[in-house]
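Written out below as structure tokens is the structure these notes cover.
Bear in mind these aren't lab numbers, they're just calculated from the coordinates by the rules spelled out. Keep in mind that what you see is a predicted model, and the values were worked out from it rather than measured. Here Cβ is always computed from backbone atoms with ideal geometry, including for glycine, and neighbour counts include all displayed protein chains.
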Amino acid sequence: MVSDGALDRVLKLLASPPVRPEVSRGYLDLLDESDESETHDTVAQRLMRSAGLPRIYEQAWRPVVFGLAKGGPLGPSTEQEYALARAWLNLAATPGATVLDVACGPGNVTRALAEGVTDGGLVVGADASATMLSRAVADTAASAPGTAEVAYVRCDAVNLPFAEAAFDAVCCYGALYLFTDPWAALAGMARVLRPGGRLVVLTTHRPGLPLLGPGLGALSGATGIRMFGARELTEGLAAAGFSSVRRRSYGLMQLAGAIRR
Ligand SMILES: C[S@@+](CC[C@H](N)C(=O)[O-])C[C@H]1O[C@@H](n2cnc3c(N)ncnc32)[C@H](O)[C@@H]1O
């Protein structure tokens, strides 16, 4: 359950708040149905909009699919991934932080970020999928006194509706590879971060192994999942306005952190 107070706080973060905000489903809805289906029509995106995936995503789909992609026991566990996000975003040293979780899905990462945000803080989960956001709202308990608030917004991650420098920290886990224009999305994340604010991104990794190339290319073409090279990501972050880029790769996934210049 998301409180009206948290949704009011989100409205204040928008570049152009709507005159009549649509919040009847427990999240602020800034899209209409045609926005969702016309702009994101790949196999992977249709799956994200389905009614079934949100039900199994957090408990079954993510641990299995991400686990395999991270190289099984060689990669970080889900809990370790979340702890890395909190640490690389420096949340412990940012009292009452305002944090954006881009492409939040059913809110699993949003809630994990909120655990690291102190009293007075706000974590905003943003996603284009109505089915994912309904699940996020249902699975999010009302925030206890003394903890961060959580709210959700339905919007396009490639065209974020928030005001410049609205956030102290931005997280984008498990989604950059789905976006129509990931570089525009990173530039948008830079725009909504204050100077000195931090970004963390978990996305796909295309290993530099020639034998894997054709298979990964075919998979990418069939599903709409883009595979990022290591330098491609770090150079893209620098071009989008970030410095102090750090990166780790785990099999077919990579984690990058950076600071808004
Ligand atoms: C695999 S889930 C990731 C959920 C969560 N961040 C995690 O790491 O587990 C990917 C999410 O990206 C969302 N998404 C994809 N393209 C988007 C876009 N252009 N704008 C907003 N959300 C998008 C999908 O709706 C889906 O919920």
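Among 252-260, 52-60, 174-182, 125-133, how do they line up from the highest to the lowest mean number of other beta-carbon atoms within 10 Å?
Going by the mean number of other Cβ atoms within 10 Å, highest first, we get 125-133, 252-260, 174-182, 52-60.
Residue 50 versus residue 164, label points 7 Å from Cα toward the beta carbon: distance in nm?
4.3
Find, to one decimal place in angstroms, the Kirkwood hydrodynamic radius of region 1-112, where the mean of 1/r is taken over every pair of different Cα atoms and then inverted. Working shown, then result.
On the way: mean 1/r = 0.0596 Å⁻¹.
After inverting the pairwise mean of 1/r, the radius is 16.8 Å.
Relative to the longest principal Cα axis of the chain, at what angle does helix 182-192 sit, 0 to 90 degrees, rounded to 10?
Taking the Cα atoms of the chain, the angle to 182-192 is about 30 degrees.
With the contact rule set at Cα under 8 Å and sequence spacing of 6 or more, what percent relative contact order holds for the chain? Intermediate values should be presented prior to the final figure.
Details: 526 pairs, mean separation 54.3, N = 261.
For the chain, the relative contact order is 21 percent.
For every other residue with a beta carbon closer than 12 angstrom to the beta carbon of residue 237, add +1 if it is Lys or Arg and -1 if Asp or Glu, then tell me the sum.
On the way: positive: 198, 231, 246, 247, 260, 261; negative: 232, 235.
Value of the local net charge: +4.
Computed over the Cα atoms of region 150-261, what is the ratio Rg over Rh, Rh following Kirkwood?
On the way: Rg = 14.3 Å, Rh = 14.5 Å.
With Rh from the inverse mean 1/r over Cα pairs, Rg/Rh is 0.99.
Mind pulling the angle between the C-alpha long axis of helix 230-240 and the longest principal axis of the chain? Nearest 10 degrees, somewhere in 0 to 90.
On a 0 to 90 degree scale, this one is about 40.
Can you list residues whose amide H is under 5 Å from residue 90's amide H, if they're 5+ apart or on another chain and H is modeled 1.01 Å from N?
none
Against the longest principal axis of the chain, how steep is helix 130-139, in degrees 0 to 90 to the nearest 10, with axes from Cα atoms?
For helix 130-139, the angle is close to 60 degrees.
Take peptides 70-78, 157-165 and line them up by average Cβ neighbours within 10 Å, highest first, as a rough protection proxy.
Final packing ranking: 157-165, 70-78.
Taking each pair of different alpha-carbon atoms in the chain once, compute 1/r for the pair, average those values, and report the inverse of that mean as the Kirkwood hydrodynamic radius in Å to one decimal. Don't skip to the end; give the middle numbers.
Working: mean 1/r = 0.0546 Å⁻¹.
For the chain, the Kirkwood estimate is 18.3 Å.
Pop the C-beta distance of residue 235 and residue 180 into the FRET formula with R0 = 22 Å and round what comes out to the nearest 0.05. Walk me through the numbers on the way to the answer.
Numbers: r = 20 Å, r/R0 = 0.90.
Result of the calculation: an efficiency of 0.65.
Could you give the size of the charge dipole of region 4-260 about its Cα centre, using +1 on the Cβ of each K and R and -1 on the Cβ of each D and E, expressed in debye and rounded to the nearest 20? Could you put the intermediate results ahead of the total?
Details: 23 positive and 25 negative charges, 164 e Å.
Dipole about the Cα centre, nearest 20: 780 debye.
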